[in-house]
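Read the structure below first, then the notes.
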Amino acid sequence: MNLIIGAGAVGTTLAALLAEHGQPVTLYARAQDEARFSAAGGLWLARPGQTPPGQRLALPPRTHQLDLQGVDAAYLCTKAAALPALLAELPARLPDGCRLLCTLNGVRALHQVKARFPGQAVRPMSILFNAQLDAPLQARLTTRARAVIGDAEPDLLARFAGSGLAVRAAEGETAVWGKLLINLANAIGALTQSTFQDLFQDRVLRRLYAAVLDEATGVLAAAGIRFRLPVAFPYPAYRWSLTHGGPLPWWMARLANGLDRGAYPSMVADVRAGRVTEVAELNGEIVRQAEACGREAPLNRGLVDRVGALRHPPARLSPAALARELGV
């Protein structure tokens, strides 16, 4: 049985894709969530190009307990801020045959989960799709649905076959670090209130993103951390497309991910809603790794500081103004 812990955009999308394919799904619901979930009347998932709310699926059963008995795959889909309290609710050990899949962005959350369950079946699951939550249990995909599971067993991959979610295996944490690098652009998007199309088409934003990536990959090299970008070619070629490719990065993103023209990074939605962002888990991780190596990461530190200083509603920086502030 699949247990979804955290029914935000990612959790709702995974629940819908699994349920569509006939996989048994249960939602973890706190007592205060039950009324909202019941009122939703089911799971709703709209795909790119569809008009929300999209396809309706039956409302899955809910549980208010986290004992994990009878669960062979539990998906942690909460925000980083909610993770410590959630880990405290989980049992001391995972039941035999239960895998705990961490979908949270960055590596700090994954390492927290591994520290809570040392030597047990914790698997990193890198979510390579963009989804937005329009209402409780009502998600909207703005890209193709893809994911990578580190050290995945064959049965974990097989349960998504035919579901519309393309899942592949990766070695250890390489995909998690690769996704973190790609997600360093989220802070740029949050500060400039940019869509993905803006990020990949605006010359100044592309130049800024490339500089942030150069700094980050240099830090990871110094730390001896291996990564695999979620793109079809190595970092030097990806960087060239950003700095010399003109509209090529946007065309490639559209082709590879099926991006809607109006899709935007999740951090843009967070700052618009006044929520805590994941900038500390993304750009902040590069800063922490740099400090551990005796290096500096001024661009990523600058993004962390500026996103952290945003107030609601957020002021929008122009791409040129942000580049000037960061000295790029």
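Quick look at the values:
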{"item": "Reciprocal mean inverse distance between Cα atoms of the stretch 90-223 - Kirkwood radius, Å", "result": "16.9"}
{"item": "Inter-label distance for His64 and Gln23, nm, one decimal - labels placed 7 Å from Cα along Cα-to-Cβ", "result": "2.8"}
{"item": "Amide N proximity, the stretch 122-146 versus Ala161 label position 7 Å along Cα-to-Cβ, cut-off under 20 Å", "result": "145-146"}
{"item": "Neighbourhood net charge (14 Å Cβ-Cβ; Lys/Arg +1, Asp/Glu -1) for Thr51", "result": "+1"}
{"item": "Residue of Leu133, Leu184, Leu255 that the Gaussian network model of the chain assigns the largest fluctuation, springs spanning Cα pairs under 10 Å", "result": "Leu255"}
{"item": "GNM flexibility winner over the chain from Ala297, Ala273, Ala166 (Cα, springs under 10 Å)", "result": "Ala273"}
{"item": "Built amide H within the under 5 Å cut-off of Arg144, gap 5+", "result": "Gly258, Leu259"}
{"item": "Positive minus negative residues near Leu180 (Lys, Arg vs Asp, Glu; Cβ under 9 Å)", "result": "-1"}
{"item": "Simple spin-label estimate for Gln55 and Ala309 in nanometres, 7 Å along Cα-Cβ", "result": "4.7"}
{"item": "Carbon/sulfur fraction of accessible area - the chain, other protein chains in place, 1.4 Å, %", "result": "54"}
{"item": "The stretch 147-206 versus the stretch 230-290: alpha-carbon centroid distance in Å", "result": "8"}
{"item": "GNM top mover of Gly224, Gly42, Gly245 - the chain, alpha-carbon springs below 10 Å", "result": "Gly224"}
{"item": "Pair Arg316, Ala269: separation of 7 Å Cα→Cβ label points (nm)", "result": "1.9"}
{"item": "Paramagnetic reach from Tyr235 (point 7 Å along Cα→Cβ, amide N under 20 Å) across the stretch 284-319", "result": "284-304"}
{"item": "Accessible surface, per residue, of the chain when the full set of protein chains is kept, probe 1.4 Å, Å²", "result": "41"}
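The values are calculated or read from the model by the stated rules, or taken from the named source; none is laboratory data. Bear in mind the structure is a predicted one, so any value in this text is a computation, not a measurement. As a convention, Cβ positions derive from the backbone with ideal geometry for all residues, glycine included, and neighbour counts pool all protein chains shown. The area values use the complete protein model at the heavy-atom level, side chains included, leaving out ligands, DNA and RNA. Shrake-Rupley method; radii C 1.70, N 1.55, O 1.52, S 1.80 Å.
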